[in-house]
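Written below as structure tokens is the structure these notes are about.
Only the coordinates and a few stated rules stand behind these numbers; no lab work does. This one's a predicted model, so the numbers in the text were calculated from it and none came from an experiment. Every residue, glycine among them, receives a Cβ derived from its backbone with ideal geometry; neighbour counts consider all protein chains shown.
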Amino acid sequence: MLALDIRNLNKKYPNFQLKDVSFQLEKGYIMGFIGANGAGKTTTIKSIMNMIHIDSGEVRILGKNAAEHETELKQEIGCAFGGIDFYTRSKLKTLTDVIKKFYKNWDDETYYNYLRRFKLDEDKKIAELSTGMKVKYNLALALSHGAKLLILDEPTSGLDPIARDDLLDIFQELVVDGEISILFSTHITTDLEKCADFITFIENGQIIASSEKNDFMESYRLLSGNESQLNRVKEQLISYKINSFGFTGLIHSKDFDPSSDIKTITPSLEEIMIYFAKKEDIYV
């Protein structure tokens with residue numbers, strides 16, 4: 001069974017649209033969802049959560065139509081958004097006492113384990129928490145009611161590197177037994193290189209690729225060379241930059257001749273995103 005099955009999702013706004021967005025997440029894996037600001041990540045996630053009305057398409061979660069079984073399925077989903085604000089004058093324990101009533105499988109023991117792990121004091125008010133601590137509290141809530149699917153939109157924003165690394169360890173622990181799956185949207189692509197099994201890349205409201213992480217990264221090559229070498233491959237490049245040493249450019253692996261004398265490496269997720277974002281630019 002698929003944890004998440006998105007098929008031909010369409011949503012049109014005056015200046016933006018999701019166009020036939022489709023991808024699948026198998027149970028027991030972490031999928032990184034990447035793309036530049038405005039690419040459609042949050043719109044897709046809100047569509048999955050039925051927080052916005054889609055024009056067409058279907059979202060299936062754990063084998064069930066998300067719109068038809070919304071109330072039931074939201075018991076199975078843990079959702080954390082990096083930018084969510086809480087009522088700032090309330091103490092954590094006051095908010096938790098309200099929120100836990102919505103979940104039939106809420107587990108106090110799990111919740112308090114995360115409070116200890118995240119070093120959260122439930123007697124503190126939200127106003128007293130740093131941005132990073134708010135993120136940790138949000139995640140503690142999302143992880144404490146037996147969710148089978150975690151949907152995380154920028155969950156590591158505001159966290160220092162040590163806290164982020166601890167969080168990635170938690171994510172990997174959660175999927176070990178194959179019962180929990182995670183859709184993880186973030187701009188911090190190094191986090192995904194550490195923990196993601198699959199990558200889905202969206203640009204301008206369309207899915208560019210969705211595949212196993214290493215296959216995704218290996219499907220591109222980052223080239224570097226001199227001006228004459230650039231002239232030989234310019235037409236095949238997704239985009240390129242001119243620098244004092246010559247050029248660097250991104251190309252689909254299938255479009256690159258491996259017998260070429262041009263230096264090539266496997267790009268990082270961040271480099272892939274950057275070169276796609278710059279493909280309309282003119283470099284001087």
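Straight-line cross-link partners of Lys104 among the lysines, defined as a Cα under 25 Å from its Cα and at least 8 positions apart when in the same chain: Lys27, Lys46, Lys64, Lys74, Lys91, Lys93, Lys134, Lys136, Lys148. Taking every Cα-Cα distance in the stretch 110-177 and sorting them into 10 Å bins starting at zero, the pair-distance distribution P(r) comes out as 19, 57, 23, 1 percent.
Counting other C-beta atoms within 10 Å, which of Phe102, Phe33 has the fewest, and how do the rest follow? It would help to have the intermediate numbers written out before the result.
Details: Phe102 10, Phe33 27.
Starting with the residue having the fewest Cβ neighbours, the order is Phe102, Phe33.
Where the alpha-carbon atoms of the chain are placed on the principal axes, they occupy 67, 40, 39 Å, in descending order. The modelled label-to-label distance for the pair Asp165/His53, using points 7 Å beyond Cα in the direction of Cβ, is 4.9 nm.
Kirkwood radius and radius of gyration were both taken over the C-alpha atoms of the stretch 220-277, and their ratio Rg/Rh is 0.92. Neighbour counts of other Cβ atoms within 10 Å put Ser224, Ser56 in the fewest-to-most order Ser56, Ser224. Straight-line cross-link reach from Lys124 at under 17 Å between alpha-carbon atoms covers these aspartates and glutamates, not counting any fewer than eight positions away in the same chain: Asp85, Asp97. According to the square roots a ≥ b ≥ c of the eigenvalues of the Cα gyration tensor, what is the shape class of the stretch 9-136, taking rounded for a/c under 1.5, prolate for a/b larger than b/c otherwise, and oblate for the remainder? Because a/c hits 1.5 or more and a/b exceeds b/c, the stretch 9-136 counts as prolate.
Neighbour counting of Cβ atoms within 10 Å sorts the residues His252, His145, His187, fewest neighbours leading, into His252, His187, His145. Above 28 Å, the calculated P(r) of the stretch 136-284 contains 34 percent of its Cα-Cα pairs.
Report, in debye and to the nearest 20, how large the dipole of the stretch 2-216 comes out about its Cα centre when Lys and Arg carry +1 and Asp and Glu carry -1 on their Cβ.
Details: 27 positive and 33 negative charges, 149 e Å.
In debye, rounded to 20, the stretch 2-216 gives about 720.
For the pair Asn226 and Lys119, label points projected 7 Å from Cα toward Cβ lie 5.4 nm apart. Note on the chain: antiparallel DSSP beta bridges, both residues inside, total approximately 65 percent of the bridges counted.
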